[in-house]
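What follows is calculated from the coordinates using simple rules that are stated; it is not laboratory data. Quick caveat: nothing in here was measured; it's all calculated off a predicted structure. Note that each Cβ is placed from the backbone with ideal geometry, even for glycine, and that neighbours are counted across all protein chains shown.
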Amino acid sequence: MQMMTLVVLFHQLRFSQFKVFYLYHVRLYLRKEFPNLPSYSRCVELLPRSALALTALFESIKGKCTVLSVADSTPIVVCDNLRIRRHKVFDGIAERGKTSTGWFFGFKL
């Protein structure tokens with residue numbers, strides 16, 4: 001549950017790198033809210049486990065469809081394009097995508 005909360009908070013606060021968010025924001029300012037935080041490397045290992053829970057969360061909070069629907073997708077970038085071959089966290093899950101602003105590697109929300 002902590003990992004899911006951290007991932008949502010990371011995207012809400014619009015940090016560009018998860019490592020910076022974790023080491024310099026969560027560990028410094030949110031220690032009371034997350035007393036049993038794992039190390040950063042363990043946290044990265046646990047990130048893929050939160051994908052299913054996040055999917056369930058998004059399904060439960062989305063609204064009902066009305067007569068008019070507007071579809072928009074938001075990219076969730078998991079690494080820089082230059083690091084795609086070395087990326088291991090979401091190996092086999094994340095993929096390349098394209099938006100109006102360019103190419104990315106990650107997910108479309």
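A few remarks follow.
- Lysine pairs in the chain with Cα atoms under 28 Å, if 8 or more residues apart or on separate chains: 11
- Fluctuation leader among I84, I61, I76 - the chain, Gaussian network, Cα springs under 10 angstrom: I61
- Computed over the alpha carbons of the stretch 1-89, Rg followed by Dmax gives 15.3, 47 Å.
- Virtual spin-label span in nm between A53 and R85, 7 Å along Cα→Cβ: 3.5 nm
- Loop trypsin sites (Lys or Arg not before Pro), the stretch 21-109, which have at most 15 other Cβ atoms in a 10 Å radius of their Cβ (DSSP): R31, K32, K62, K64, K88
- Between L68, L28, L37, the residue with the greatest mean-square fluctuation in the GNM of the chain (Cα pairs under 10 Å linked by springs) is L68.
- Using the Stokes-Einstein relation with a Kirkwood hydrodynamic radius computed over Cα pairs, the translational diffusion coefficient of the stretch 35-78 at 10 °C and a viscosity of 1.306 mPa s comes to 117 µm²/s.
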